[in-house]
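First the structure, in the form of structure tokens, and then the observations on it.
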Amino acid sequence: MTDFSKYIWYNSSILPWEKATTHVMSHVLHYGSGVFEGIKCYETSEGSAVFRLEDHIDRLYNSADLYGMKIDLSKQEIISGCKNVVKANKLKSCYIRPIVFYGYDTLGVDPKDCPINIAIAAFYWGAYLGDEGIEKGVNVTVSPYQKISNKAMPTTAKASGQYMNSLLSVTEARSRGYDEAILLNSDGNVSEGSGQNLFYIKDGVVHTNDESSSILLGITRDSILEICRKNNIDTKIHKFSLEDLLCADEVFFTGTASEVTPIRSIEDNLLSKGGVGPLTKRLRTYYMDIVLGKDENYSHWLSVINEDLPVSNF
């Protein structure tokens, strides 16, 4: 990462990457007490532009609220921080990671007076599941680990500790030669991937699930649903089973890092004849045109970074 990035925004200041540190006894390190976002910035004809930046920061604050974490800075200050760290690192396209976490004060599970720290990093990150996965689709397995229940933790929060569930699932899948894992929920229905939402297509209808299936309400997921509505593609939001996926015409992941990634096989059962389905390919094209600034109908989803403005707090 430091090959591409030299600075991090940390508690309202731009610091050299190596100086953005926190104490090893910080609450977050022991209990996963943080919330975060994953945001993408793309190089467009209008300059570098962050996709749905305001929506991501809204979700960051919602996640913090669900865990009782009070962010003292305004949303606009965090939005500016995201733009500033991209400019400081002179990045044209990148991944942006804001994180809000409890720092060092007590080792008790109750954070009590632990300070809330906020950091924002920006760095280059290629295709999350690889360029070949985008072109040919990925091979996935069903995880032996169950997705945490929305009755146990607020699964609509993007919270650090919750991702231990994802870590177990993806590392187990890759140990068996698969690219990713699908997690089932406590009802035995499909939840999501280790870090992606799931869609399937059957007879021209695009299906996905909602928060009752213990999923994160992904912003890319929401974008695909909106794209479908605007292009008169039928959608259905409901609980669905693994059998529904295995019988589907096409299946794909969505996520900020994954964008729209086709799934070519589940448990070695080929989908779309082992290729990328036509509607998946069409939706990916729509999505990439939007994030790259080629579709003026969605320009409101892009926050262009003004390169002429000086980096503040530098």
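The values are calculated or read from the model by the stated rules, or taken from the named source; none is laboratory data. Predicted model, so just to flag it, every value in this text is computed and none were measured. FYI the Cβ positions are ideal-geometry reconstructions off the backbone, even for glycines, and counts take in every protein chain you see. Ligands, DNA and RNA are stripped out before the accessible areas are found, and what is left, the full protein with its side chains, is counted by its heavy atoms. Shrake-Rupley method; radii C 1.70, N 1.55, O 1.52, S 1.80 Å.
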Charges only on Cβ, +1 for Lys and Arg, -1 for Asp and Glu: so what's the dipole of the chain about the Cα centre, in debye to the nearest 20?
240 debye
Quick one: work out Rg over Rh on the C-alpha atoms of the range 9-147, Rh as Kirkwood radius.
1.02
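Note the full-extension length gain between K19 and D289 as 0.36 nm times their separation in residues minus their Cα-Cα distance, in nm to one decimal.
Stretched out fully, the K19 to D289 stretch lengthens by 93.5 nm.
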Order by accessible surface, 1.4 Å probe, largest leading, for residues R221, R176 comes to R176, R221
Can you work out the accessible area per residue across the range 6-150, with the rest of the protein chains kept in place, probe 1.4 Å, in square angstrom?
47 Å²
Take every Cα pair under 8 Å in the chain that's 6+ residues apart, average their separations, divide by the length, and report that relative contact order as a whole percent.
21 percent
When only C-alpha pairs under 8 Å and at least 6 residues apart count, what is the relative contact order of the range 68-136, in percent?
32 percent
Counting only the backbone N, which residues of the range 46-62 are under 20 Å from the spot 7 Å out from the Cα of V304 toward its beta-carbon?
46-55
Distance histogram for the range 239-314 (every C-alpha pair counted, 5 angstrom bins, percent rounded to whole numbers)
3, 13, 18, 16, 15, 10, 9, 6, 4, 4, 3
DSSP bridge pairs, the range 51-190: antiparallel proportion in percent, nearest 5:
75 percent
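Kirkwood-based Rg over Rh for the range 99-157 (C-alpha set), two decimals? All intermediate terms of the calculation are to be shown ahead of the outcome.
Numbers: Rg = 18.4 Å, Rh = 16.2 Å.
Result for the range 99-157 is an Rg/Rh of 1.14.
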Could you calculate the FRET efficiency of N231 with H30 from 1/(1 + (r/R0)^6), where r is the beta carbon distance between them and R0 is 35 Å, rounded to 0.05?
0.15
Between H238 and K273, what is 0.36 nm times their sequence separation minus the Cα-Cα distance? Round to one decimal in nm.
10.0 nm
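Using 0.36 nm per residue of separation minus the Cα-Cα distance, give me the extension gain between N62 and L168 in nm, one decimal.
Values: separation 106, 0.36 × 106 = 38.16 nm, distance 2.56 nm.
Result for the pair: 35.6 nm of gain on full extension.
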Dipole magnitude of the range 1-64 about its Cα centre (Cβ charges: Lys, Arg +1; Asp, Glu -1), debye to nearest 20:
220 debye
Between the residues S191, I118, L107, the Cα farthest towards the positive end of the dipole of the range 79-198, that dipole coming from +1 and -1 charges on the beta-carbon of Lys, Arg, Asp and Glu, is from I118
Of all accessible heavy-atom area on the range 229-310, the percent that carbon and sulfur account for (1.4 Å):
47 percent
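Net charge near S12: determine it from the other residues with C-beta under 15 Å of the C-beta of S12, scoring Lys and Arg +1 and Asp and Glu -1.
Working: positive: K19, K75, K83; negative: D72, E77.
Every neighbour counted, the sum reads +1.
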Among Y178, S93, S223, the residue whose Cα sits farthest towards the positive end of the charge dipole of the chain (+1 at Cβ of Lys and Arg, -1 at Cβ of Asp and Glu, taken about the Cα centre) is S93
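Relative contact order for the range 114-186: what percent, with Cα pairs under 8 Å and sequence separation of 6 or more? Numbers along the way, then the final one.
Numbers: 67 pairs, mean separation 29.1, N = 73.
Contact order relative to length: 40 percent.
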Dipole of the range 139-263, Cα-centred, from +1 at each Lys and Arg C-beta and -1 at each Asp and Glu C-beta, to the nearest 20 debye?
300 debye
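Hey, with R₀ at 45 Å, roughly what FRET efficiency would V205 and N11 work out to, going by the Cβ-Cβ distance, to 0.05?
Working: r = 47 Å, r/R0 = 1.05.
That pair, V205 with N11, gives E of 0.45.
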